[in-house]
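The values are calculated or read from the model by the stated rules, or taken from the named source; none is laboratory data. Just so we're clear, the structure is a prediction, and the values are computed from it rather than from any experiment. Quick reminder, even Gly has a Cβ in these numbers, built from the backbone with ideal geometry, and neighbours come from all protein chains shown.
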Amino acid sequence: MNILVTGANGFVGQTLCPALERAGLRAVRAVRISTRYEEISVGEVDGETSWSRVFDEGIDGVVHLAAKVPLAEKEKEAADSYHRVNTLGTVRLARECAARGIRRFVFISTVKVLGEECDKPFQADDSAVPSDAYAISKWEAEQSLRQISAETGMEVVILRPPLVYGPGVGGNFLRLLQMVDRRIPLPLGAIHNRRSLIYLGNLVDIIRLCLTHPDAASKTFMVSDGEDVSTPGLIRRIGSVLGHGSFLLPVPAAWMRRVGDLLGKRSAIDRLTGSLSVDSMPVQKELGWLPPYGMQAGLALTVQWYRQHKPETKS
């Protein structure tokens, strides 16, 4: 089978493509601008993208990873840029795939389509409450994909991961790694929340399974490591893997939220202090899937990569 992977040179794609090939599949790597001979340039992903060069490879299935994601809290990009890439770009690709008779289309969405916080684990059939332009664009793409599937019979599988971590991770998780490594005191010792995460290797494994499992057809799944952790619990685990303790100050969450309001950082504080978990039992039961990596193993491999590279984040 030839599997088209869009965004193949991104965080998930760089691990997914070799994993597919180890499983006996051929990864057709689509990227915006190619830098390696095995990559195919498609330019910007939007409602006008030409995918003809990719389809010349004879595609049997698709994993659509390419997306515009929020890179930093300070970046407030226009909503139409997310809509153009994440919604219109997805619809354009899906319609071309359906027209060419491609049977299975795996779309990587986000838990954020259901909201930013929850009192109990999110279920796949919960009502959508996307709260920002990124989540809205993913939700619109999901709805369009379901319509295309109903019209054409193409089997669409939607995966909604929470925060993904692993070798090559960036953003807030990388900053957290750096702060714990530098033993910076963090005011999170009094937080009692519940967060789901998914290790990169686990996400790649469930994507691979969803490409071929007959019971995955036309399903939406919440996916995670299968265990939840509080924010201070995660910090303690990271500190333990790094080989030293963590410095957690017991600052009440209400105080942190007030400071967040004053500094215009309330959404960032809410993510640190609030709960956001998913119920991944349905995907385990329906597909017989068990995450191959426990959270502790995933954190250990992430820290191993971090120690080898010690990447610097931009201020």
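In the set Ser218, Ser267, Ser246, which member is over 21 Å from Arg182 (Cα atoms) and not in a helix (DSSP H, G or I)?
Within the list Ser218, Ser267, Ser246, the selection yields Ser218.
Looking at region 173-182 only, could you name the residues that are surrounded by fewer than 16 Cβ atoms within 10 Å (Cβ to Cβ) and closer than 20 Å to Gln296 by Cα? It would help to see each step written out before you state the result.
Applying the first criterion (surrounded by fewer than 16 Cβ atoms within 10 Å (Cβ to Cβ)) to region 173-182 yields 175, 178, 182.
Those that are surrounded by fewer than 16 Cβ atoms within 10 Å (Cβ to Cβ) and closer than 20 Å to Gln296 by Cα: Arg175, Gln178.
Only one residue in Thr302, Thr273 is farther than 22 Å from Ile207 by Cα and either touching a strand residue (DSSP E or B) at 6+ places or on another chain (Cβ under 7 Å) or among the polar types (S, T, N, Q) (or both), so which one is that?
Just a single option satisfies the conditions, and that option is Thr273.
Could you grab the pairs with beta carbons closer than 6 Å, sequence gap of 6+ or different chains, first residue in region 122-149 and without any contact (Cβ under 8 Å) to a residue 40 or more places away in the chain, second one aromatic (Phe, Trp, Tyr)?
Listed by first residue and then by second, the contacts come to Ala128/Trp139; Pro130/Trp139.
Give the number of residues within region 194-214 that are in contact with a Ser or Thr (Cβ under 6 Å, 6 or more places away or on another chain) and either surrounded by fewer than 22 Cβ atoms within 10 Å (Cβ to Cβ) or aliphatic (A, V, I, L, M) (or both). First the steps, then the outcome.
Taking region 194-214 first, the residues in contact with a Ser or Thr (Cβ under 6 Å, 6 or more places away or on another chain) are 194, 196, 198, 200, 204.
Those still in the list that are either surrounded by fewer than 22 Cβ atoms within 10 Å (Cβ to Cβ) or aliphatic (A, V, I, L, M) (or both) too: 194, 198, 200, 204.
Qualifying residue count, region 194-214: 4.
List the residue pairs whose Cβ atoms are under 7 Å apart, where the first residue sits in region 92-113 and is without any contact (Cβ under 8 Å) to a residue 60 or more places away in the chain and farther than 28 Å from Leu276 by Cβ, the second is assigned to a helix (DSSP H, G or I) and not β-branched (Val, Ile, Thr), and the two are 6 or more positions apart or on different chains.
Close Cβ pairs satisfying both conditions: Arg100/Phe55.
Test each condition in (1) over 16 Å from the mean Cα position of the chain (by Cα); (2) surrounded by 22 or more Cβ atoms within 10 Å (Cβ to Cβ) for Ile108 and report the one that comes out false.
The number of the failed condition is (1).
The conditions are (1) in contact with a His (Cβ under 8 Å, 6 or more places away or on another chain); (2) without any contact (Cβ under 8 Å) to a residue 60 or more places away in the chain, and Ile269 fails exactly one of them. Which is it?
All conditions are met except number (1).
How do the helices (runs of 4 or more DSSP H) wholly within region 1-95 filter down when requiring 3 or more residues that are under 18 Å from Phe105 (Cα atoms): which remain?
Answer list for region 1-95: 13-22, 52-55.
When the residues of region 274-302 are filtered to those that are within 24 Å of Leu114 (Cα to Cα) and among the hydroxyl-bearing types (Ser, Thr, Tyr), which remaining residue is surrounded by the most Cβ atoms within 10 Å (Cβ to Cβ)?
Looking at residues that are within 24 Å of Leu114 (Cα to Cα) and among the hydroxyl-bearing types (Ser, Thr, Tyr), I get Ser280.
Arg271 is checked against (1) charged (D, E, K, R); (2) farther than 30 Å from Ala124 by Cα; (3) buried (at least 16 other Cβ atoms within 10 Å of the Cβ) and fails just one. What number does that condition carry?
Exception for Arg271: condition (2).
When region 230-243 is examined, which residues are found to be polar (S, T, N, Q), out of contact with any helix residue (DSSP H, G or I) (no Cβ under 7 Å at 6 or more places or on another chain) and part of a helix (DSSP H, G or I)?
Answer for region 230-243, where residues must be polar (S, T, N, Q), out of contact with any helix residue (DSSP H, G or I) (no Cβ under 7 Å at 6 or more places or on another chain) and part of a helix (DSSP H, G or I): just Ser240.
For region 47-93, enumerate the residues that are of a type in the set (Lys, Arg) and either more than 25 Å from Arg26 (Cα to Cα) or at pLDDT 95 or above (or both).
Within region 47-93, Lys68, Lys74, Lys76, Arg84, Arg92 meet the criteria.
If you go through region 270-315, how many residues are within 19 Å of Thr231 (Cβ to Cβ), among the acidic types (Asp, Glu) and part of a loop (DSSP other than H, G, I, E, B)?
0
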